[in-house]
1. Please work out how much accessible surface A:Glu52 shows to a 1.4 Å probe, ignoring ligands, DNA and RNA, in Å² rounded to 10.
2. Name the residues whose placed amide hydrogens come within less than 5 Å of the amide hydrogen of B:Leu260, ignoring near sequence neighbours (fewer than 5 apart) on the same chain.
3. Stretch B:Lys134-B:Gln225 to full length: gain in nm at 0.36 nm per residue minus the Cα-Cα span?
4. Quick one: if the Förster radius is 22 Å, what FRET efficiency do A:Gln20 and B:Arg58 give, using the C-beta to C-beta distance and rounding to 0.05?
5. Amide H of B:Tyr64 versus every other amide H placed in the peptide plane: which residues, excluding those fewer than 5 positions away on the same chain, fall under 5 Å?
6. Enter the Cα centre distance for the pair the range A:20-58 and the range A:148-208, rounded to the nearest angstrom.
7. Under a 1.4 angstrom probe, counting protein chains only, how are A:Arg123, B:Arg21, B:Arg186, B:Arg118 ranked by accessible area, largest first?
8. Please enumerate, by chain and number, the lysines with C-alpha under 30 Å from the C-alpha of A:Lys65, excluding those fewer than 8 residues away in the same chain.
Amino acid sequence: MPEKDPYQVLGVSRDATEEQVKAAYRELAKKYHPDNYADSPLADVANEKMQEVNAAYDAVLKDLKNRSSDGSQGYQQSYQQGYGGYTNQGGYSGGYRQQQYRQSYSGGYGGFGAYGSSFSDVRRMIQQNRLVEAEELLDGTPSTSRDGEWHFLKGTICYQRGWLDDARNHFSAACQMSPGNPEYRAALNRMSWQGQGGYGAPGSGYRQTSHPGSGMDACNCCGNLLLADCCCECMGGDLIPCC
Amino acid sequence: MFGYIRPAVGQLKVCEYETYRAVYCGICHALKEHFGTLSTLSLNYDFTFAALLGLALRPEFPGYENFTCAAHPLHKRQRVRLEEEVLPYVGGCVVSMAHAKIADNISDSGFLKSSFCRLTLPLTARAEKKAGGKFPALPALCEKMTEDQNRAEQDPSVSLDRSAEASAAALSGMMEALSEDPMNKRILKRFGYLLGRWIYFIDALDDLEDDLKKENFNPFIKRFQLSYPLSAEQKQEVRGYGRELLNITGAEMAAAYELLELKRFKGILDNIVYLGLQQSIDRVFDRADGKKPGEGTEASQSEYPKGRKLL
(Lines give C-alpha, C1' and ligand atoms only; values in the text may rest on other atoms or scores of the structure.)
Protein backbone atom coordinates (compact mmCIF):
# COMPACT_ATOMS: atom_id res chain seq x y z
CA MET A 1 0.00 0.00 0.00
CA PRO A 2 1.41 3.44 -0.89
CA GLU A 3 2.37 5.65 2.03
CA LYS A 4 -0.43 8.09 2.78
CA ASP A 5 -0.05 11.66 3.94
CA PRO A 6 -0.63 11.47 7.71
CA TYR A 7 -2.28 14.91 7.75
CA GLN A 8 -4.73 13.74 5.14
CA VAL A 9 -5.47 10.55 7.05
CA LEU A 10 -6.40 12.59 10.13
CA GLY A 11 -8.22 15.14 7.99
CA VAL A 12 -6.38 18.14 9.44
CA SER A 13 -4.48 20.96 7.71
CA ARG A 14 -0.69 21.21 7.89
CA ASP A 15 -0.82 24.14 10.29
CA ALA A 16 -3.25 22.47 12.69
CA THR A 17 -2.57 22.91 16.40
CA GLU A 18 -1.92 20.00 18.70
CA GLU A 19 -5.43 20.37 20.10
CA GLN A 20 -6.97 20.09 16.66
CA VAL A 21 -4.89 17.06 15.83
CA LYS A 22 -5.91 15.36 19.06
CA ALA A 23 -9.56 16.15 18.52
CA ALA A 24 -9.43 14.77 14.98
CA TYR A 25 -7.69 11.64 16.20
CA ARG A 26 -10.25 11.13 18.94
CA GLU A 27 -13.12 11.36 16.45
CA LEU A 28 -11.53 8.82 14.11
CA ALA A 29 -10.59 6.48 16.96
CA LYS A 30 -14.22 6.52 18.08
CA LYS A 31 -15.41 5.83 14.57
CA TYR A 32 -13.13 2.88 13.88
CA HIS A 33 -13.18 1.54 17.40
CA PRO A 34 -13.23 -2.28 17.35
CA ASP A 35 -16.38 -2.36 19.51
CA ASN A 36 -18.26 -0.80 16.60
CA TYR A 37 -17.14 -3.62 14.33
CA ALA A 38 -17.27 -6.56 16.72
CA ASP A 39 -18.57 -9.66 14.89
CA SER A 40 -18.73 -7.65 11.66
CA PRO A 41 -17.41 -9.21 8.46
CA LEU A 42 -15.57 -5.92 7.95
CA ALA A 43 -13.76 -6.03 11.31
CA ASP A 44 -10.39 -6.55 9.63
CA VAL A 45 -10.90 -3.52 7.39
CA ALA A 46 -11.74 -1.39 10.43
CA ASN A 47 -8.66 -2.77 12.16
CA GLU A 48 -6.49 -1.71 9.24
CA LYS A 49 -8.05 1.75 9.25
CA MET A 50 -7.39 2.09 12.94
CA GLN A 51 -3.75 1.18 12.50
CA GLU A 52 -3.44 3.69 9.71
CA VAL A 53 -4.96 6.39 11.91
CA ASN A 54 -2.67 5.47 14.81
CA ALA A 55 0.42 5.65 12.59
CA ALA A 56 -0.71 8.99 11.17
CA TYR A 57 -1.31 10.36 14.66
CA ASP A 58 2.18 9.39 15.80
CA ALA A 59 3.71 10.87 12.66
CA VAL A 60 1.84 14.16 12.98
CA LEU A 61 2.64 14.55 16.68
CA LYS A 62 6.30 13.92 15.96
CA ASP A 63 6.18 16.46 13.17
CA LEU A 64 4.56 19.01 15.49
CA LYS A 65 7.23 18.43 18.10
CA ASN A 66 10.02 18.88 15.57
CA ARG A 67 8.46 22.02 14.24
CA SER A 68 8.07 23.57 17.66
CA SER A 69 11.68 22.86 18.60
CA ASP A 70 12.70 25.06 15.65
CA GLY A 71 10.65 27.91 17.13
CA SER A 72 11.46 30.41 19.85
CA GLN A 73 12.63 29.33 23.26
CA GLY A 74 9.51 30.49 25.14
CA TYR A 75 7.16 28.67 22.86
CA GLN A 76 9.18 25.51 23.06
CA GLN A 77 9.05 25.47 26.84
CA SER A 78 5.33 25.90 27.15
CA TYR A 79 4.78 23.40 24.42
CA GLN A 80 6.93 20.76 26.03
CA GLN A 81 5.21 21.25 29.32
CA GLY A 82 1.90 20.73 27.66
CA TYR A 83 3.13 17.72 25.84
CA GLY A 84 4.64 16.23 28.98
CA GLY A 85 1.33 16.61 30.72
CA TYR A 86 -0.35 14.84 27.92
CA THR A 87 1.93 11.83 27.85
CA ASN A 88 1.76 11.46 31.60
CA GLN A 89 -1.96 11.05 31.41
CA GLY A 90 -1.38 8.10 29.23
CA GLY A 91 -3.39 10.01 26.64
CA TYR A 92 -4.92 8.37 23.71
CA SER A 93 -2.02 6.37 22.41
CA GLY A 94 -2.13 4.47 25.68
CA GLY A 95 -5.84 4.49 26.33
CA TYR A 96 -7.23 3.44 23.04
CA ARG A 97 -4.49 1.43 21.55
CA GLN A 98 -2.65 -0.66 24.03
CA GLN A 99 -5.51 -1.45 26.36
CA GLN A 100 -8.95 -1.50 24.83
CA TYR A 101 -7.93 -1.94 21.28
CA ARG A 102 -5.44 -4.78 21.50
CA GLN A 103 -7.53 -6.59 24.05
CA SER A 104 -10.72 -6.61 22.14
CA TYR A 105 -9.03 -7.70 18.96
CA SER A 106 -6.60 -10.36 19.97
CA GLY A 107 -8.94 -11.41 22.77
CA GLY A 108 -11.86 -11.85 20.41
CA TYR A 109 -12.88 -15.29 19.37
CA GLY A 110 -9.73 -17.22 20.10
CA GLY A 111 -9.62 -16.17 23.72
CA PHE A 112 -13.18 -17.10 24.49
CA GLY A 113 -13.12 -20.23 22.40
CA ALA A 114 -10.23 -21.61 24.41
CA TYR A 115 -12.27 -21.79 27.63
CA GLY A 116 -13.98 -25.13 27.28
CA SER A 117 -16.39 -23.94 24.62
CA SER A 118 -18.54 -26.69 23.21
CA PHE A 119 -18.54 -24.96 19.84
CA SER A 120 -14.87 -24.17 19.30
CA ASP A 121 -15.04 -25.62 15.78
CA VAL A 122 -17.91 -23.32 14.91
CA ARG A 123 -16.08 -20.33 16.35
CA ARG A 124 -13.03 -21.12 14.29
CA MET A 125 -15.09 -21.46 11.12
CA ILE A 126 -16.82 -18.14 11.73
CA GLN A 127 -13.42 -16.56 12.23
CA GLN A 128 -12.28 -18.00 8.91
CA ASN A 129 -15.46 -16.71 7.29
CA ARG A 130 -16.74 -20.23 6.50
CA LEU A 131 -20.30 -19.32 7.40
CA VAL A 132 -22.12 -22.06 5.50
CA GLU A 133 -20.13 -24.85 7.13
CA ALA A 134 -20.43 -23.23 10.54
CA GLU A 135 -24.18 -23.01 10.15
CA GLU A 136 -24.47 -26.62 9.02
CA LEU A 137 -22.58 -27.71 12.08
CA LEU A 138 -24.81 -25.62 14.33
CA ASP A 139 -28.03 -26.82 12.71
CA GLY A 140 -26.88 -30.38 13.28
CA THR A 141 -26.96 -29.80 17.03
CA PRO A 142 -30.01 -31.46 18.61
CA SER A 143 -32.44 -28.88 19.90
CA THR A 144 -32.07 -30.13 23.48
CA SER A 145 -28.40 -29.10 23.64
CA ARG A 146 -28.89 -25.67 22.11
CA ASP A 147 -27.65 -23.41 24.89
CA GLY A 148 -26.83 -19.72 25.12
CA GLU A 149 -23.64 -20.15 23.16
CA TRP A 150 -25.50 -21.93 20.36
CA HIS A 151 -27.85 -18.97 20.01
CA PHE A 152 -25.00 -16.49 20.22
CA LEU A 153 -23.08 -18.23 17.44
CA LYS A 154 -26.18 -18.62 15.30
CA GLY A 155 -26.85 -14.93 15.86
CA THR A 156 -23.29 -14.08 14.86
CA ILE A 157 -23.67 -15.98 11.60
CA CYS A 158 -26.95 -14.20 10.85
CA TYR A 159 -25.34 -10.88 11.72
CA GLN A 160 -22.42 -11.46 9.36
CA ARG A 161 -24.79 -12.40 6.59
CA GLY A 162 -26.84 -9.25 7.16
CA TRP A 163 -29.89 -11.06 8.59
CA LEU A 164 -30.13 -8.58 11.40
CA ASP A 165 -33.62 -9.41 12.65
CA ASP A 166 -32.81 -13.08 13.18
CA ALA A 167 -29.46 -12.06 14.66
CA ARG A 168 -31.14 -9.91 17.29
CA ASN A 169 -33.61 -12.64 18.19
CA HIS A 170 -30.80 -15.16 18.66
CA PHE A 171 -28.70 -12.73 20.74
CA SER A 172 -31.75 -12.10 22.86
CA ALA A 173 -32.31 -15.83 23.38
CA ALA A 174 -28.61 -16.25 24.24
CA CYS A 175 -28.87 -13.56 26.92
CA GLN A 176 -31.97 -15.14 28.40
CA MET A 177 -30.28 -18.52 28.65
CA SER A 178 -26.95 -17.20 29.99
CA PRO A 179 -27.79 -13.86 31.63
CA GLY A 180 -24.29 -13.39 33.04
CA ASN A 181 -22.31 -13.74 29.82
CA PRO A 182 -20.72 -10.40 28.85
CA GLU A 183 -20.05 -11.48 25.27
CA TYR A 184 -23.69 -12.18 24.46
CA ARG A 185 -24.81 -9.13 26.40
CA ALA A 186 -22.51 -6.83 24.43
CA ALA A 187 -23.86 -8.14 21.12
CA LEU A 188 -27.47 -7.64 22.19
CA ASN A 189 -26.81 -4.22 23.69
CA ARG A 190 -25.21 -3.05 20.49
CA MET A 191 -28.26 -4.03 18.45
CA SER A 192 -30.71 -2.51 20.94
CA TRP A 193 -28.71 0.71 20.91
CA GLN A 194 -28.74 0.78 17.11
CA GLY A 195 -32.46 0.02 17.08
CA GLN A 196 -33.04 3.20 19.10
CA GLY A 197 -31.22 5.19 16.42
CA GLY A 198 -27.65 4.95 17.73
CA TYR A 199 -24.58 4.22 15.63
CA GLY A 200 -21.66 1.96 16.45
CA ALA A 201 -21.55 0.38 19.90
CA PRO A 202 -23.37 1.90 22.91
CA GLY A 203 -21.15 4.41 24.69
CA SER A 204 -18.69 4.53 21.80
CA GLY A 205 -19.49 8.22 21.54
CA TYR A 206 -19.45 7.95 17.79
CA ARG A 207 -21.82 10.45 16.11
CA GLN A 208 -22.46 12.16 19.43
CA THR A 209 -21.04 15.49 18.44
CA SER A 210 -22.26 17.23 21.58
CA HIS A 211 -19.80 15.29 23.72
CA PRO A 212 -16.32 15.69 22.28
CA GLY A 213 -14.73 13.77 25.17
CA SER A 214 -13.94 10.10 25.11
CA GLY A 215 -16.72 7.55 25.11
CA MET A 216 -16.19 5.98 28.51
CA ASP A 217 -14.74 8.12 31.28
CA ALA A 218 -15.47 8.61 34.98
CA CYS A 219 -18.25 11.09 34.24
CA ASN A 220 -20.43 9.19 31.84
CA CYS A 221 -19.48 5.66 32.82
CA CYS A 222 -22.51 5.41 35.12
CA GLY A 223 -24.74 6.91 32.48
CA ASN A 224 -23.56 4.36 29.95
CA LEU A 225 -24.16 1.53 32.39
CA LEU A 226 -27.67 2.77 33.05
CA LEU A 227 -28.29 3.01 29.36
CA ALA A 228 -27.02 -0.52 28.86
CA ASP A 229 -29.33 -1.61 31.67
CA CYS A 230 -32.30 0.04 30.00
CA CYS A 231 -31.42 -1.66 26.74
CA CYS A 232 -31.25 -5.01 28.49
CA GLU A 233 -34.50 -4.47 30.29
CA CYS A 234 -36.41 -3.57 27.20
CA MET A 235 -35.22 -6.83 25.69
CA GLY A 236 -36.29 -8.85 28.70
CA GLY A 237 -32.92 -9.12 30.46
CA ASP A 238 -31.29 -7.09 33.22
CA LEU A 239 -27.77 -5.77 33.70
CA ILE A 240 -28.11 -3.95 37.02
CA PRO A 241 -30.63 -5.93 39.06
CA CYS A 242 -31.35 -3.15 41.58
CA CYS A 243 -32.65 -0.63 39.03
CA MET B 1 -39.98 0.48 -4.64
CA PHE B 2 -37.80 3.49 -5.30
CA GLY B 3 -37.09 6.99 -4.09
CA TYR B 4 -36.36 6.38 -0.42
CA ILE B 5 -32.62 7.01 -0.48
CA ARG B 6 -32.32 10.75 -0.70
CA PRO B 7 -30.70 13.63 1.15
CA ALA B 8 -32.32 15.73 3.85
CA VAL B 9 -32.40 18.75 1.54
CA GLY B 10 -32.65 21.38 4.25
CA GLN B 11 -29.35 20.24 5.73
CA LEU B 12 -27.40 20.34 2.45
CA LYS B 13 -25.10 23.22 1.59
CA VAL B 14 -26.24 25.03 -1.54
CA CYS B 15 -23.17 23.79 -3.44
CA GLU B 16 -23.95 20.24 -2.34
CA TYR B 17 -27.52 20.64 -3.49
CA GLU B 18 -26.27 21.80 -6.89
CA THR B 19 -23.89 18.84 -7.04
CA TYR B 20 -26.69 16.42 -6.26
CA ARG B 21 -28.74 17.86 -9.10
CA ALA B 22 -25.78 17.74 -11.45
CA VAL B 23 -25.30 14.04 -10.73
CA TYR B 24 -29.01 13.38 -11.19
CA CYS B 25 -28.92 15.17 -14.56
CA GLY B 26 -25.71 13.29 -15.40
CA ILE B 27 -27.42 9.91 -15.05
CA CYS B 28 -30.40 11.20 -17.01
CA HIS B 29 -27.97 12.16 -19.78
CA ALA B 30 -26.32 8.74 -19.65
CA LEU B 31 -29.71 7.04 -19.85
CA LYS B 32 -30.67 9.07 -22.90
CA GLU B 33 -27.36 8.45 -24.68
CA HIS B 34 -27.17 4.73 -23.99
CA PHE B 35 -30.73 3.49 -23.59
CA GLY B 36 -33.00 5.94 -25.42
CA THR B 37 -35.00 9.00 -24.35
CA LEU B 38 -37.89 7.05 -22.87
CA SER B 39 -35.60 5.26 -20.42
CA THR B 40 -35.02 8.57 -18.62
CA LEU B 41 -38.52 8.19 -17.15
CA SER B 42 -37.29 5.37 -14.94
CA LEU B 43 -34.61 7.47 -13.23
CA ASN B 44 -34.90 7.65 -9.43
CA TYR B 45 -33.14 8.98 -6.33
CA ASP B 46 -31.87 5.63 -5.10
CA PHE B 47 -29.60 5.22 -8.07
CA THR B 48 -28.55 8.85 -7.88
CA PHE B 49 -27.08 7.88 -4.54
CA ALA B 50 -25.35 4.90 -6.18
CA ALA B 51 -23.86 7.20 -8.83
CA LEU B 52 -22.67 9.69 -6.19
CA LEU B 53 -20.97 6.89 -4.33
CA GLY B 54 -19.42 5.46 -7.51
CA LEU B 55 -18.09 8.87 -8.54
CA ALA B 56 -16.83 9.54 -5.02
CA LEU B 57 -14.68 6.40 -5.11
CA ARG B 58 -12.94 7.17 -8.43
CA PRO B 59 -9.59 8.93 -8.34
CA GLU B 60 -10.47 11.08 -11.34
CA PHE B 61 -13.61 13.17 -11.80
CA PRO B 62 -15.07 14.02 -15.23
CA GLY B 63 -16.13 17.58 -14.30
CA TYR B 64 -19.29 19.51 -15.14
CA GLU B 65 -20.82 20.96 -18.29
CA ASN B 66 -23.65 23.40 -19.06
CA PHE B 67 -26.74 22.16 -20.81
CA THR B 68 -30.38 22.98 -21.35
CA CYS B 69 -32.85 20.39 -20.11
CA ALA B 70 -35.72 19.55 -22.46
CA ALA B 71 -38.12 19.48 -19.50
CA HIS B 72 -37.02 22.94 -18.29
CA PRO B 73 -35.99 24.76 -21.47
CA LEU B 74 -35.75 28.20 -19.88
CA HIS B 75 -33.04 27.40 -17.35
CA LYS B 76 -29.38 26.77 -17.92
CA ARG B 77 -28.25 23.83 -15.84
CA GLN B 78 -25.09 21.96 -15.02
CA ARG B 79 -24.56 18.25 -15.14
CA VAL B 80 -21.71 15.86 -14.56
CA ARG B 81 -19.92 15.24 -17.83
CA LEU B 82 -20.63 11.80 -19.24
CA GLU B 83 -17.82 9.36 -18.58
CA GLU B 84 -17.43 5.71 -19.53
CA GLU B 85 -17.77 3.91 -16.23
CA VAL B 86 -20.00 5.02 -13.37
CA LEU B 87 -22.84 6.88 -15.10
CA PRO B 88 -23.55 4.36 -17.91
CA TYR B 89 -23.31 1.52 -15.40
CA VAL B 90 -25.75 3.15 -12.99
CA GLY B 91 -27.99 3.87 -15.98
CA GLY B 92 -27.86 0.17 -16.82
CA CYS B 93 -28.88 -0.66 -13.26
CA VAL B 94 -31.80 1.76 -13.49
CA VAL B 95 -33.26 0.24 -16.66
CA SER B 96 -32.65 -3.34 -15.53
CA MET B 97 -34.44 -2.75 -12.23
CA ALA B 98 -37.26 -0.90 -13.96
CA HIS B 99 -37.75 -3.82 -16.32
CA ALA B 100 -37.74 -6.35 -13.49
CA LYS B 101 -40.28 -4.24 -11.62
CA ILE B 102 -42.63 -3.96 -14.61
CA ALA B 103 -42.38 -7.66 -15.42
CA ASP B 104 -43.17 -8.40 -11.78
CA ASN B 105 -46.17 -6.03 -11.79
CA ILE B 106 -47.71 -7.90 -14.72
CA SER B 107 -47.81 -11.12 -12.78
CA ASP B 108 -48.91 -9.48 -9.51
CA SER B 109 -51.45 -6.75 -10.30
CA GLY B 110 -55.03 -6.45 -11.40
CA PHE B 111 -56.24 -6.17 -14.97
CA LEU B 112 -55.92 -2.41 -15.46
CA LYS B 113 -52.44 -1.99 -14.06
CA SER B 114 -51.13 -5.14 -15.70
CA SER B 115 -52.45 -4.04 -19.11
CA PHE B 116 -50.62 -0.76 -18.71
CA CYS B 117 -47.46 -2.62 -17.77
CA ARG B 118 -47.88 -4.94 -20.75
CA LEU B 119 -47.81 -1.89 -23.01
CA THR B 120 -44.56 -0.60 -21.57
CA LEU B 121 -42.89 -4.00 -21.33
CA PRO B 122 -41.45 -4.08 -24.87
CA LEU B 123 -39.86 -0.69 -24.29
CA THR B 124 -38.20 -1.61 -21.02
CA ALA B 125 -37.23 -4.99 -22.47
CA ARG B 126 -35.33 -3.25 -25.25
CA ALA B 127 -33.48 -0.99 -22.84
CA GLU B 128 -32.77 -3.90 -20.55
CA LYS B 129 -31.30 -5.88 -23.43
CA LYS B 130 -29.01 -2.99 -24.25
CA ALA B 131 -27.94 -2.79 -20.64
CA GLY B 132 -27.26 -6.52 -20.65
CA GLY B 133 -25.10 -6.14 -23.75
CA LYS B 134 -23.02 -3.47 -22.06
CA PHE B 135 -22.95 -4.97 -18.55
CA PRO B 136 -23.53 -8.73 -18.81
CA ALA B 137 -23.84 -9.23 -15.04
CA LEU B 138 -27.00 -7.12 -14.73
CA PRO B 139 -29.70 -9.30 -16.36
CA ALA B 140 -28.55 -12.31 -14.34
CA LEU B 141 -28.75 -10.33 -11.11
CA CYS B 142 -32.28 -9.13 -11.86
CA GLU B 143 -33.50 -12.53 -13.00
CA LYS B 144 -32.16 -14.11 -9.86
CA MET B 145 -33.84 -11.41 -7.80
CA THR B 146 -37.27 -12.01 -9.36
CA GLU B 147 -37.00 -15.76 -9.05
CA ASP B 148 -35.77 -15.68 -5.49
CA GLN B 149 -38.43 -13.16 -4.48
CA ASN B 150 -41.17 -15.39 -5.88
CA ARG B 151 -39.76 -18.37 -4.05
CA ALA B 152 -39.66 -16.45 -0.78
CA GLU B 153 -43.25 -15.30 -1.21
CA GLN B 154 -44.42 -18.88 -1.72
CA ASP B 155 -42.75 -20.01 1.49
CA PRO B 156 -45.39 -20.06 4.26
CA SER B 157 -42.84 -19.71 7.06
CA VAL B 158 -40.82 -16.89 5.49
CA SER B 159 -39.02 -14.60 7.96
CA LEU B 160 -38.48 -10.87 7.57
CA ASP B 161 -34.81 -11.42 6.78
CA ARG B 162 -35.50 -14.13 4.25
CA SER B 163 -38.07 -12.05 2.38
CA ALA B 164 -35.58 -9.19 2.01
CA GLU B 165 -32.83 -11.48 0.74
CA ALA B 166 -33.67 -11.19 -2.98
CA SER B 167 -33.59 -7.39 -3.14
CA ALA B 168 -30.60 -7.23 -0.83
CA ALA B 169 -28.58 -9.67 -2.93
CA ALA B 170 -29.39 -7.80 -6.15
CA LEU B 171 -28.35 -4.42 -4.74
CA SER B 172 -25.27 -6.04 -3.25
CA GLY B 173 -24.19 -7.26 -6.67
CA MET B 174 -24.90 -3.91 -8.29
CA MET B 175 -23.09 -1.82 -5.70
CA GLU B 176 -20.09 -4.12 -5.65
CA ALA B 177 -19.33 -3.27 -9.27
CA LEU B 178 -19.00 0.46 -8.48
CA SER B 179 -15.34 0.05 -7.60
CA GLU B 180 -12.44 -2.01 -8.90
CA ASP B 181 -10.46 -1.90 -5.68
CA PRO B 182 -10.81 -5.29 -3.91
CA MET B 183 -11.13 -3.72 -0.46
CA ASN B 184 -13.81 -1.27 -1.60
CA LYS B 185 -15.60 -4.11 -3.38
CA ARG B 186 -15.87 -6.03 -0.13
CA ILE B 187 -17.21 -3.01 1.72
CA LEU B 188 -19.65 -2.16 -1.08
CA LYS B 189 -20.89 -5.73 -1.13
CA ARG B 190 -21.98 -5.52 2.50
CA PHE B 191 -23.16 -1.95 2.13
CA GLY B 192 -25.23 -2.83 -0.95
CA TYR B 193 -26.75 -5.83 0.79
CA LEU B 194 -27.88 -3.68 3.72
CA LEU B 195 -29.05 -0.94 1.38
CA GLY B 196 -31.23 -3.38 -0.56
CA ARG B 197 -32.64 -4.65 2.72
CA TRP B 198 -33.35 -1.16 3.96
CA ILE B 199 -35.17 -0.25 0.73
CA TYR B 200 -37.14 -3.50 0.81
CA PHE B 201 -38.32 -3.01 4.38
CA ILE B 202 -39.26 0.65 4.03
CA ASP B 203 -41.14 -0.15 0.85
CA ALA B 204 -42.97 -2.97 2.64
CA LEU B 205 -43.90 -0.61 5.50
CA ASP B 206 -44.99 2.05 3.03
CA ASP B 207 -47.27 -0.39 1.18
CA LEU B 208 -48.52 -2.20 4.27
CA GLU B 209 -52.12 -1.04 4.28
CA ASP B 210 -52.44 -1.26 0.52
CA ASP B 211 -51.13 -4.80 0.56
CA LEU B 212 -53.51 -5.74 3.37
CA LYS B 213 -56.48 -4.43 1.41
CA LYS B 214 -55.46 -6.15 -1.81
CA GLU B 215 -54.16 -9.29 -0.10
CA ASN B 216 -50.73 -8.88 -1.65
CA PHE B 217 -47.64 -10.39 -0.11
CA ASN B 218 -46.02 -8.29 2.60
CA PRO B 219 -43.47 -9.68 5.07
CA PHE B 220 -44.89 -7.64 7.97
CA ILE B 221 -48.38 -9.11 7.45
CA LYS B 222 -46.87 -12.57 7.87
CA ARG B 223 -44.68 -11.62 10.79
CA PHE B 224 -47.46 -9.98 12.84
CA GLN B 225 -50.41 -12.06 11.58
CA LEU B 226 -52.24 -8.93 10.45
CA SER B 227 -55.63 -8.70 8.83
CA TYR B 228 -57.61 -5.84 7.34
CA PRO B 229 -58.58 -3.41 8.89
CA LEU B 230 -55.57 -2.59 11.00
CA SER B 231 -56.17 -1.52 14.60
CA ALA B 232 -54.29 1.48 15.99
CA GLU B 233 -52.27 -0.69 18.40
CA GLN B 234 -51.26 -3.09 15.66
CA LYS B 235 -50.17 -0.18 13.52
CA GLN B 236 -48.06 1.19 16.38
CA GLU B 237 -46.53 -2.21 17.01
CA VAL B 238 -45.56 -2.82 13.38
CA ARG B 239 -44.18 0.68 13.03
CA GLY B 240 -42.15 0.47 16.21
CA TYR B 241 -40.69 -2.83 15.10
CA GLY B 242 -40.15 -1.61 11.55
CA ARG B 243 -38.37 1.51 12.72
CA GLU B 244 -36.02 -0.50 14.91
CA LEU B 245 -35.29 -2.86 12.04
CA LEU B 246 -34.56 0.05 9.71
CA ASN B 247 -32.42 1.76 12.36
CA ILE B 248 -30.32 -1.34 12.92
CA THR B 249 -29.89 -1.86 9.19
CA GLY B 250 -29.05 1.83 8.79
CA ALA B 251 -26.47 1.74 11.57
CA GLU B 252 -24.76 -1.24 9.95
CA MET B 253 -24.85 0.56 6.62
CA ALA B 254 -23.17 3.54 8.25
CA ALA B 255 -20.48 1.30 9.76
CA ALA B 256 -19.66 -0.11 6.32
CA TYR B 257 -19.91 3.30 4.67
CA GLU B 258 -17.36 4.83 7.04
CA LEU B 259 -14.72 2.38 5.83
CA LEU B 260 -14.92 3.52 2.20
CA GLU B 261 -12.24 5.91 1.01
CA LEU B 262 -14.14 8.78 -0.49
CA LYS B 263 -12.33 11.16 -2.80
CA ARG B 264 -15.19 13.68 -2.89
CA PHE B 265 -18.88 14.27 -2.05
CA LYS B 266 -18.44 13.32 1.61
CA GLY B 267 -20.84 16.03 2.79
CA ILE B 268 -23.70 14.87 0.57
CA LEU B 269 -23.15 11.19 1.25
CA ASP B 270 -22.93 11.75 5.02
CA ASN B 271 -26.17 13.69 4.79
CA ILE B 272 -27.94 10.84 2.99
CA VAL B 273 -26.60 8.08 5.25
CA TYR B 274 -27.12 9.84 8.60
CA LEU B 275 -30.01 12.25 7.99
CA GLY B 276 -31.72 11.32 4.76
CA LEU B 277 -32.56 7.76 5.78
CA GLN B 278 -34.13 8.94 9.05
CA GLN B 279 -36.11 11.57 7.19
CA SER B 280 -37.40 8.96 4.75
CA ILE B 281 -38.69 6.81 7.61
CA ASP B 282 -40.53 9.82 9.08
CA ARG B 283 -41.91 10.72 5.67
CA VAL B 284 -43.29 7.22 5.10
CA PHE B 285 -44.99 7.10 8.51
CA ASP B 286 -46.36 10.66 8.14
CA ARG B 287 -47.69 9.84 4.72
CA ALA B 288 -49.48 6.78 6.07
CA ASP B 289 -51.15 9.07 8.63
CA GLY B 290 -52.39 11.32 5.84
CA LYS B 291 -50.04 14.18 6.74
CA LYS B 292 -48.66 16.28 3.96
CA PRO B 293 -44.88 16.77 3.71
CA GLY B 294 -43.74 19.30 6.31
CA GLU B 295 -46.80 18.71 8.48
CA GLY B 296 -45.07 16.18 10.69
CA THR B 297 -44.91 16.90 14.41
CA GLU B 298 -41.19 17.66 14.27
CA ALA B 299 -41.28 19.84 11.22
CA SER B 300 -44.04 22.12 12.47
CA GLN B 301 -41.89 23.08 15.47
CA SER B 302 -38.87 23.79 13.30
CA GLU B 303 -37.43 27.28 13.32
CA TYR B 304 -36.83 27.04 9.58
CA PRO B 305 -39.31 27.42 6.74
CA LYS B 306 -40.28 24.38 4.71
CA GLY B 307 -37.58 25.08 2.15
CA ARG B 308 -37.02 23.81 -1.33
CA LYS B 309 -37.97 20.53 -2.91
CA LEU B 310 -35.35 17.97 -3.74
CA LEU B 311 -35.39 18.55 -7.50
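The values are calculated or read from the model by the stated rules, or taken from the named source; none is laboratory data. Note that the structure is a prediction, hence the values are computed from the model and not measured. Don't worry about glycine lacking a Cβ; one is built from the backbone with ideal geometry, like all the others, and counts go over all protein chains shown. Calculation scope for accessible area: heavy atoms of the full protein, side chains included, ligands and nucleic acids excluded. Shrake-Rupley method; radii C 1.70, N 1.55, O 1.52, S 1.80 Å.
1. 50 Å²
2. Answer set, sorted by chain and number: none.
3. 28.3 nm
4. On the way: r = 29 Å, r/R0 = 1.34.
It comes to 0.15.
5. Amide H neighbours of B:Tyr64, under 5 Å, 5+ apart: B:Arg81.
6. 21 Å
7. Numbers: A:Arg123 10, B:Arg21 45, B:Arg186 100, B:Arg118 140 Å².
Listed by decreasing accessible area, they come as B:Arg118, B:Arg186, B:Arg21, A:Arg123.
8. By straight Cα distance, A:Lys65 reaches A:Lys4, A:Lys22, A:Lys30, A:Lys31, A:Lys49, B:Lys263.
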